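J.: One structure, pasted below without further comment.
The values are calculated or read from the model by the stated rules, or taken from the named source; none is laboratory data. Worth saying up front: this structure is predicted, and the values here are computed from it rather than measured. Cβ placement follows ideal geometry from the backbone for every residue including glycine, while neighbour counts extend to all protein chains displayed.
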Amino acid sequence: MGWPAVQSTATYSSQPGSQPTLRLRLDLTHHSSPPSYRVFSLPRSYIEVGQKEGARLVCGGKRWTGGPGGKGYYVEPTIFADVTDDMTIAREEIFGPVMCVLKYSTVAEVR
């Protein structure tokens with residue numbers, strides 16, 4: 001049996017005048033080979049770049065140690081807000097559990 005693969009689902013909601021709510025669901029029922037340090041370090045480097053460029057880290061961003069014995073190279077599901085088009089994390093594809101939230105006014109802005 002291999003290591004459990006972390007599959008996550010995140011929902012984010014915000015009501016005017018109230019605290020945003022974030023719900024994460026981790027599914028540890030699927031198994032795969034253990035990820036390598038290189039696979040772990042790449043999304044972590046993007047998380048650091050996102051913070052340095054001014055994106056707001058809403059949740060996650062750290063090493064996830066909830067696996068068997070706290071072992072493996074997993075990254076917590078991570079959500080960034082206040083991301084702009086010029087930020088590295090918005091322009092480049094991050095192969096990891098990292099989501100960027102960008103504001104827009106019209107659909108034409110995203111095309």
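J.: Exactly one condition in (1) more than 12 Å from the chain's Cα centre (by Cα); (2) surrounded by fewer than 16 Cβ atoms within 10 Å (Cβ to Cβ) is not met by LYS62; state its number.
T.: (1)
J.: Within region 39-48, identify whether any single residue is at pLDDT below 90 and of a type in the set (Gly, Ala, Ser), and answer yes or no.
T.: Taking every residue of region 39-48 in turn, at least one turns out to be at pLDDT below 90 and of a type in the set (Gly, Ala, Ser).
J.: From the list GLY72, GLY67, GLY96, which one is modelled with pLDDT of 75 or more and buried (at least 16 other Cβ atoms within 10 Å of the Cβ)? Steps first, please.
T.: Details: GLY72 fails: modelled with pLDDT of 75 or more; GLY67 fails: modelled with pLDDT of 75 or more.
Sole residue among the options that is modelled with pLDDT of 75 or more and buried (at least 16 other Cβ atoms within 10 Å of the Cβ): GLY96.
J.: Here's something else I'd like to know. Output the residues belonging to region 98-111 that are more than 21 Å from VAL39 (Cα to Cα) and in contact (Cβ under 8 Å) with a residue 24 or more places away in the chain.
T.: The answer is VAL101, and nothing else.
J.: Here's a follow-up. Going by the structure shown, is SER32 modelled with pLDDT of 80 or more, surrounded by 10 or more Cβ atoms within 10 Å (Cβ to Cβ) and of a type in the set (S, T, N, Q)? Break it down stepwise before answering.
T.: Working: modelled with pLDDT of 80 or more: no; surrounded by 10 or more Cβ atoms within 10 Å (Cβ to Cβ): yes; of a type in the set (S, T, N, Q): yes.
Taking the combined requirement at face value, the residue does not satisfy it.
J.: Further, regarding this structure: From the list VAL39, VAL49, VAL83, pick out the single residue that is within 30 Å of ALA108 (Cα to Cα), surrounded by fewer than 19 Cβ atoms within 10 Å (Cβ to Cβ) and aliphatic (A, V, I, L, M). Explain how you work it out, then say what you get.
T.: Values: VAL39 fails: within 30 Å of ALA108 (Cα to Cα); VAL83 fails: surrounded by fewer than 19 Cβ atoms within 10 Å (Cβ to Cβ).
One residue alone meets the criteria, VAL49.
J.: Then there is this: Take region 48-97 and flag every residue that is touching a residue at least 40 places away in the same chain (Cβ under 8 Å), under 19 Å from SER36 (Cβ atoms) and hydroxyl-bearing (Ser, Thr, Tyr).
T.: Answer for region 48-97, where residues must be touching a residue at least 40 places away in the same chain (Cβ under 8 Å), under 19 Å from SER36 (Cβ atoms) and hydroxyl-bearing (Ser, Thr, Tyr): just TYR74.
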